[in-house]
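K.L.:
Got a structure for you, questions after.
The values are calculated or read from the model by the stated rules, or taken from the named source; none is laboratory data. Predicted model, so just to flag it, every value in this text is computed and none were measured. Positions of Cβ are backbone-derived with ideal geometry, glycine not excepted, and every protein chain shown enters the neighbour counts.
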Amino acid sequence: MKNLNTVNLFKTAWTKSLLAFVLVVSLVVPYLPQTASAAPVSVATDLIISEYIEGSSNNKALEIYNGTGADIDLSNYKLELYNNGLTTVGNTENLTGTLAHGATYILYNSSATADFKPVNGKSSGVANFNGDDTVLLKKGDTLVDSFGQFGNDPGTNWSANGVATSEMTLVRKETIVQGDTNPSDVFDPSVEWIAYPQNTATYLGSHTMNGAPPVEETKVADVSVSPAAGSVLSGTQVTLSTTTKDATIYYTTDGSTPSTESTLYSTPIEINADTVIKAVGVKEGLETSEIQTYEYTILVPTTVAEVRAATQGSKIITEAIVTTDKQKFGNNGFYIQDDTAGIYVFTSYDLGVTEGDRVQIQGTLGIYQGDLQITNPVVTKLTANNELPAVQVVPASGVNADTQGERLVMEKATISAIRDAGFGTIELTATTEDGSSVLVRNDNRNGFTYDDFIRQYKNGDVLDIYGFAGTFNGTFQFKTIGSKSFELSVKPDVFTNVFPGSVKEGQAIELLTELENATIYYTTDGSTPSTTSTLYTTPIVLTETSTIKAIAVTDTTTSEVFSFKYTVLKTENVTIEEIQGEDHYSPYTGASVAGVTGVITHFYNTANFFIQTTTPDNNPATAEGIMVNFANAKSTYSIGDVVTVNGLVQEHYYEGYSDSRQTDLPITRIANTSLVKTGTAELPAPVQMGVDRVAPTKIIDNDQLTSFDVNEDGIDFWESLEGMRISVPNAQILGPQKYGEVIVVNTEATNNTLNLLGGINISSDDYNPERVILDIDDENFVTKSGDRFATAPVGVVGYGFGNYKVFTSVDQLPELIESEHPDETTKIEAAEEKLTVASYNVENFSANSEQTPDEKVAKIADSFVTKMKSPDIITLVEVQDNDGATASGTTDASQSYERLIAAIQAAGGPTYSYTDIAPEYNKDGGQPGGNIRVGYLYNPSRVQLAEGTKGTATEGAQWTDSGSLTLNPGRILDLPQENTRKPIAAEFIFNGEKVVVIGAHLNSKGGDQGLFGKNQPPVLGSEPERIELATMINDFIERGLAKDPNLNVVVAGDMNDFEFTPALTALKGDSLVNMIEQVPVEDRFTYYYQGNNQVLDHILVTKNLLAKTVVDILHVNANKMEAHGRASDHDAVLIQVDFTKEVTPPVPPMEYERFLKYENTKIGKLVIATPKTHITVDENVRINNGIEIKSQIAGITGSGLVDRAVVLNPNKQNAIFDFEGSFVKEIVITGSYKMELRNIENVQKISYQKGASEHKVTIISTK
């Protein structure tokens, strides 16, 4: 134990406190015997981890101590951090310098508060641990010490006897002189460590270790007391002691000086009034101790309000009612309240109190992050089962200093911004009817987690929320105590006392209603309840998994049917399917299970593996495999072993980004296991995708995970296969390998037509849930879209980084059959009178040859010359400064451009010029030090940069009265654009025509959640900024068109979004056309991400250029790897504008005076004769005698035309009919009048009767 009193003189502390003590003694006693200053006896053989701090937020630190008796060179030592039971190192800190004997080496989290960052410490990534992570101290590759159990994830922490590895400071016991070199054995932190409250930093920087001989005494050690002097209860017994053996103690309580004539101490002194004890220690042959004075005052019980008003650090005593059970907010703390106020009681130990106890508490008034609390409590239970103080109804604004610590309820609070604040802790915003809002926080350690919450409630729900007013760092928050803190403000007609889900056998379910004079009827056999069903009178006791269906009936109404499904948990011989359940979260989460049997099918790592049942239940909604966590399992067990597992069911996050607990789905596993091998077995046959099971091909989720529809929702389908072996017949590879993942699809089990290179494109309503991610754990595997596997690859379904994936290995993959990509060259031919403009994201291009190899430069140059035939203007995206991602302070990119220009010239192209605007240093995002920007190459023999003043990084361009740029080039800075590339505009002259080219690289999609995450639909956190930027660019162009309606504008670049998204809609506005939409669908992609081809790179033109412009996409990069010639991760886009082309005036739009819509109706015959009428016919309309249009101007559309004929019989010459692209079975034209048909591309047949002729019909498209 770390002690700062004189006991340290008898031990080999050799810490700063000992040195300070010796200095004080030398001032009192001018001479000490030689033994008192002799060198310490070394007791440790090597370094040890001496302190571990896992405090709130990022208050984390590690301390290493040298007690070897000699200075140690640290150059061969390192600390390794292993996260979440993994056996692959997550972070390493190589130690440096020399550590003196008796000294400490401290590593702290860079974001810790100042108390945890001593001046002689060091910031380290190893100090980014949580309570379930393992730390190893090594000398070379030899283990010296360890903290935690290697290869085991305990869930939240390792804990025993009140000592836990989370939210505590742990100090190595003085008796520990050797490190723990068996990291795989069971870790009990109470054996070698002493626990101190969360955020204790007192002991950081020194350590005490036993082992040195005692120092020869010359004077009796001073008398000490227990308990410490100060405020105490009446009747407190005070003991006196000295560390000098056989010394005698004399004392007084009347204020006099003690001597050998005073009272001889023999028994404890009882304190019943304010008392001053003076004491001295005496022993023959030694100098008498110094006189010590200890003052005691009697504590007088006060109200809780008076406690809250006391001075921090003062002793207090009060009586109150315990208002929460322990462990609702971590550790064993709880709230108390009397008639005056409430307050939190902090303790790491179980004080044996429960809600409703009336207690007397003595302790110290403390404060934690602004929240008052009683610390070091001594509790006396007075009575039990007392009525709790009344709950106060408050608005959100009523959560304040006046109600802090008290029982409150916020009624009719609308919830929003629900999030996982870490490890399942729930945070949300509650807004009450008065418009005030407050943060609500539910600590995961009360057993109710974020995952539980989002299965019951969603943003926008209106709840009554019960809890306590608290504060954290100056912000008031509402602290809840679990599931019972939340309930819907407006209840359904029938509800239950227990939310549907997992319950123990024998759970009583109450059916409740708030309908006046209502009677409830119910069934448990799956049938629909009626008034002849069982009448509800007493709670329903569940003994097996059941679905209760119920109705509430009054004299006048019968409610809808309400269903409540309960899974009754077993404890013995539980099957894998029962654990997995029909859900994304196991009904057994947090429960211990025994007798779970399966065959080992795959090792994820040395400590985690999958098992699968050999006796499936044939229910496609319940997965038949599960992950098991067992330290060093791979060294003992093999694939094919049949094992029986006992352990704790957990939902665990294996792979993901730092916010994975907030965004991703977990993998169900059994941890804290005992394992028995019972034999071997053949592995279960893999489920064949597209044969045995068919994945949904369009819908990922359409119900916010509120129902489990394996045949409808892709996210549910893949969950139903978690932990199971699957295979993918007809497996075609969709794109290049990245991060050790190869993504395939069964070409016979997709709704998509493969694109030109054998990939699949996304669309606005289809992100292709049938894709299969093969995690082969090999980043050297070379593949591209269109390649195939000779036979079906096999693996086990798991999850990571926001996606379901199939864990396998490269050595298990079948033979690869390679495809051939066409050697694409643009179909656009260069012409003297035609302007070509290209957009190309060159992916962090610089003059730094180490970061941008010569081979890449040559490939890009060749693509411009050979593939794109030397465009006149090239919008370059992601050009870096001259030295690339190097922290040099420079932003100039002249050498980067010149390097590319020289390479183009060497490839046979023209000598380009360039222009750009260098950004402010590290202000535009991208790699730190790289300073990426959008710039231009242009061929000066073909186009000229219009004369003008070049803008700076902070100057925004505008328009002159004639529609020219005020800065050329100039940035568009009409909005703040933090950490984002700023759009640039440049004005060029081509054959006398003025063309403004705007280059853009909108903010990245970083921050967007994964398609298969726990939040459905995914939160697209980056999208609002992108829409703002797109709108800004469009507004800029609109202002230019207001100056010059004939202005020619091209917008080119990486927009980081798709052609059908709100961002591109905002960019187009009313004045631009996205040329990408003119590209055939099978050719429409510029990027590849996680198996999906998509468009990120766009070129838009003002509408006056549409009829003069053609477009081409050059697939030179996205779908292949460097081994195939890839130079960037984006494909190039090219347009050509023919300024000499005559443009047909646009067709004037149809104008209607009457709009008719037919739905859910029956009609004998539908006849439209009124002019300027627009009709819509839905599919659920029955028309017995057909549709006839006599009107001269009519619009005809609707899904109800797909199997119908429409007769056109106009009553005048030159009628116009617009079918707006609708699917129509047949158009029948009668009569001899001339007419115009618009947008009939989806009409299956046209027939002519009664003098009608195709020569009298003009067909046009206005699209």
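K.L.:
In segment 261-307, what count of residues is obtained for those that are in contact (Cβ under 8 Å) with a residue 60 or more places away in the chain, touching an Asp or Glu at 6+ places or on another chain (Cβ under 8 Å) and hydroxyl-bearing (Ser, Thr, Tyr)?
P.N.:
Number satisfying all stated conditions: 3.
K.L.:
A further question on this structure: Can you tell me which residues in segment 1050-1060 are within 33 Å of the chain's Cα centre (by Cα) and touching a residue at least 40 places away in the same chain (Cβ under 8 Å)?
P.N.:
Once the filter is applied, which keeps residues that are within 33 Å of the chain's Cα centre (by Cα) and touching a residue at least 40 places away in the same chain (Cβ under 8 Å), segment 1050-1060 yields 1052, 1053, 1054, 1055, 1056, 1057, 1058, 1060.
K.L.:
May I ask you to verify whether residue 145 is part of a loop (DSSP other than H, G, I, E, B), within 30 Å of residue 647 (Cβ to Cβ), in contact (Cβ under 8 Å) with a residue 24 or more places away in the chain and among the charged types (D, E, K, R)?
P.N.:
No: the conditions fail for residue 145.
K.L.:
Out of the residues in segment 835-869 that are out of contact with any strand residue (DSSP E or B) (no Cβ under 9 Å at 6 or more places or on another chain) and part of a loop (DSSP other than H, G, I, E, B), which is surrounded by the fewest Cβ atoms within 10 Å (Cβ to Cβ)?
P.N.:
850
K.L.:
Next question, about the same structure. Exactly one condition in (1) assigned by TED's automatic domain parsing to the domain that holds residue 306; (2) at pLDDT 95 or above; (3) closer than 30 Å to residue 660 by Cα is false for residue 414; which is it?
P.N.:
In the conditions (1) assigned by TED's automatic domain parsing to the domain that holds residue 306; (2) at pLDDT 95 or above; (3) closer than 30 Å to residue 660 by Cα, residue 414 misses (1) alone.
K.L.:
Got a sec? Which of 891, 886, 875 is in contact (Cβ under 8 Å) with a residue 24 or more places away in the chain, surrounded by fewer than 21 Cβ atoms within 10 Å (Cβ to Cβ) and of a type in the set (S, T, N, Q)?
P.N.:
Of 891, 886, 875, the one residue that is in contact (Cβ under 8 Å) with a residue 24 or more places away in the chain, surrounded by fewer than 21 Cβ atoms within 10 Å (Cβ to Cβ) and of a type in the set (S, T, N, Q) is 886.
K.L.:
Confirm whether residue 656 is in a loop (DSSP other than H, G, I, E, B), in the same structural domain as residue 574 (by TED's automatic domain parsing) and closer than 29 Å to residue 814 by Cα.
P.N.:
When the stated conditions are applied, residue 656 passes them.
K.L.:
Filter segment 1013-1046 down to the residues that are surrounded by 22 or more Cβ atoms within 10 Å (Cβ to Cβ) and either of a type in the set (A, V, I, L, M) or not assigned by TED's automatic domain parsing to the domain that holds residue 991 (or both) and list them by number.
P.N.:
Passing the criteria: 1029, 1030, 1033, 1037.
K.L.:
From the list 1234, 1225, 1190, 1172, exactly one residue is closer than 14 Å to residue 1259 by Cα, surrounded by fewer than 21 Cβ atoms within 10 Å (Cβ to Cβ) and at pLDDT 90 or above. Which is it?
P.N.:
Just a single option satisfies the conditions, and that option is 1234.
K.L.:
Still on this structure, please answer the following. If a residue has to be out of contact with any Gly (no Cβ under 9 Å at 6 or more places or on another chain) and farther than 21 Å from residue 682 by Cα to count, how many in segment 586-618 make the cut?
P.N.:
Qualifying residue count for the region: 3.
K.L.:
Does residue 325 qualify as being touching a Gly at 6+ places or on another chain (Cβ under 8 Å) and not assigned by TED's automatic domain parsing to the domain that holds residue 277?
P.N.:
no
K.L.:
Moving on. Can you go through 574, 593 and tell me which one is part of a loop (DSSP other than H, G, I, E, B) and crowded, with 20+ Cβ neighbours inside 10 Å?
P.N.:
Being part of a loop (DSSP other than H, G, I, E, B) and crowded, with 20+ Cβ neighbours inside 10 Å holds for just one of 574, 593, which is 574.
K.L.:
Residue 914 is checked against (1) without any contact (Cβ under 8 Å) to a residue 60 or more places away in the chain; (2) not in a strand (DSSP E or B) and fails just one. What number does that condition carry?
P.N.:
The single condition residue 914 does not satisfy is (2).
K.L.:
Does residue 667 count as at pLDDT 95 or above, within 25 Å of residue 634 (Cα to Cα) and within 25 Å of the chain's Cα centre (by Cα)?
P.N.:
yes
K.L.:
Kindly provide the set of residues from segment 637-673 that are of a type outside the set (A, V, I, L, M) and under 14 Å from residue 611 (Cβ atoms), ordered by number.
P.N.:
Passing the criteria: 637, 638, 640, 641, 644, 646, 647, 668, 669, 673.
K.L.:
Taking the criterion of being part of a strand (DSSP E or B), over 22 Å from residue 942 (Cα atoms) and within 44 Å of the chain's Cα centre (by Cα), would at least one residue in segment 985-996 satisfy it?
P.N.:
The answer is no; no qualifying residue exists.
K.L.:
Taking only segment 474-490 into account, find how many residues are β-branched (Val, Ile, Thr) and surrounded by 20 or more Cβ atoms within 10 Å (Cβ to Cβ).
P.N.:
Summing the residues that are β-branched (Val, Ile, Thr) and surrounded by 20 or more Cβ atoms within 10 Å (Cβ to Cβ) in segment 474-490 gives 2.
K.L.:
If you don't mind, there's one more thing I want to ask. Checking the conditions here, which among 1010, 1006 is part of a loop (DSSP other than H, G, I, E, B) and surrounded by 18 or more Cβ atoms within 10 Å (Cβ to Cβ)?
P.N.:
Among 1010, 1006, only 1010 is part of a loop (DSSP other than H, G, I, E, B) and surrounded by 18 or more Cβ atoms within 10 Å (Cβ to Cβ).
K.L.:
State all residues of segment 81-99 that are within 24 Å of the chain's Cα centre (by Cα), surrounded by fewer than 17 Cβ atoms within 10 Å (Cβ to Cβ) and among the small types (Gly, Ala, Ser); if no residue qualifies, say none.
P.N.:
Selection gives 90 alone.
K.L.:
Can you name the residue in segment 670-689 that is touching a Gly at 6+ places or on another chain (Cβ under 9 Å), in a strand (DSSP E or B) and at pLDDT 95 or above and is also nearest to residue 723 (Cα to Cα) among such residues?
P.N.:
670
K.L.:
Look through 723, 786, 759, 798 and report the one residue that is in a loop (DSSP other than H, G, I, E, B) and farther than 26 Å from residue 1083 by Cβ.
P.N.:
Of the residues listed, the single one that is in a loop (DSSP other than H, G, I, E, B) and farther than 26 Å from residue 1083 by Cβ is 723.
K.L.:
Related question: Looking only at strands (runs of 3 or more DSSP E) that lie completely in segment 156-259, which have at least 3 residues being under 30 Å from residue 673 (Cα atoms)?
P.N.:
The strands (runs of 3 or more DSSP E) meeting that bar are 168-172, 193-196.
K.L.:
Exactly one condition in (1) over 25 Å from residue 946 (Cα atoms); (2) at pLDDT 95 or above is not met by residue 1038; state its number.
P.N.:
The one condition residue 1038 does not meet is (1).
K.L.:
Name the residues in segment 525-545 that are surrounded by 19 or more Cβ atoms within 10 Å (Cβ to Cβ) and either closer than 27 Å to residue 582 by Cα or acidic (Asp, Glu) (or both), would you?
P.N.:
529, 540, 542
K.L.:
Same structure again: The conditions are (1) under 16 Å from residue 727 (Cα atoms); (2) within 36 Å of the chain's Cα centre (by Cα); (3) among the acidic types (Asp, Glu), and residue 779 fails exactly one of them. Which is it?
P.N.:
(1) is the only condition that residue 779 fails.
This table checks each residue for (1) within 25 Å of residue 502 (Cβ to Cβ); (2) outside the structural domain of residue 582 (by TED's automatic domain parsing); (3) acidic (Asp, Glu).
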{"position": "516", "(1), (2), (3)": "no, yes, yes"}
{"position": "526", "(1), (2), (3)": "yes, yes, no"}
{"position": "531", "(1), (2), (3)": "no, yes, no"}
{"position": "535", "(1), (2), (3)": "no, yes, no"}
{"position": "540", "(1), (2), (3)": "yes, yes, no"}
{"position": "544", "(1), (2), (3)": "yes, yes, yes"}
{"position": "547", "(1), (2), (3)": "yes, yes, no"}
{"position": "553", "(1), (2), (3)": "no, yes, no"}
{"position": "556", "(1), (2), (3)": "no, yes, no"}
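K.L.:
Just for strands (runs of 3 or more DSSP E) wholly inside segment 1050-1113: which have at least 1 residues that are over 24 Å from residue 756 (Cα atoms)?
P.N.:
Correct list: 1072-1074, 1097-1102.
K.L.:
If you don't mind, another one. So, in segment 399-440, how many residues would count as being crowded, with 16+ Cβ neighbours inside 10 Å and either part of a loop (DSSP other than H, G, I, E, B) or without any contact (Cβ under 8 Å) to a residue 12 or more places away in the chain (or both)?
P.N.:
The number of residues fulfilling the criteria is 10.
K.L.:
Of the residues that make up segment 51-65, is at least one among the polar types (S, T, N, Q) and under 16 Å from residue 138 (Cα atoms)?
P.N.:
Taking every residue of segment 51-65 in turn, none turns out to be among the polar types (S, T, N, Q) and under 16 Å from residue 138 (Cα atoms).
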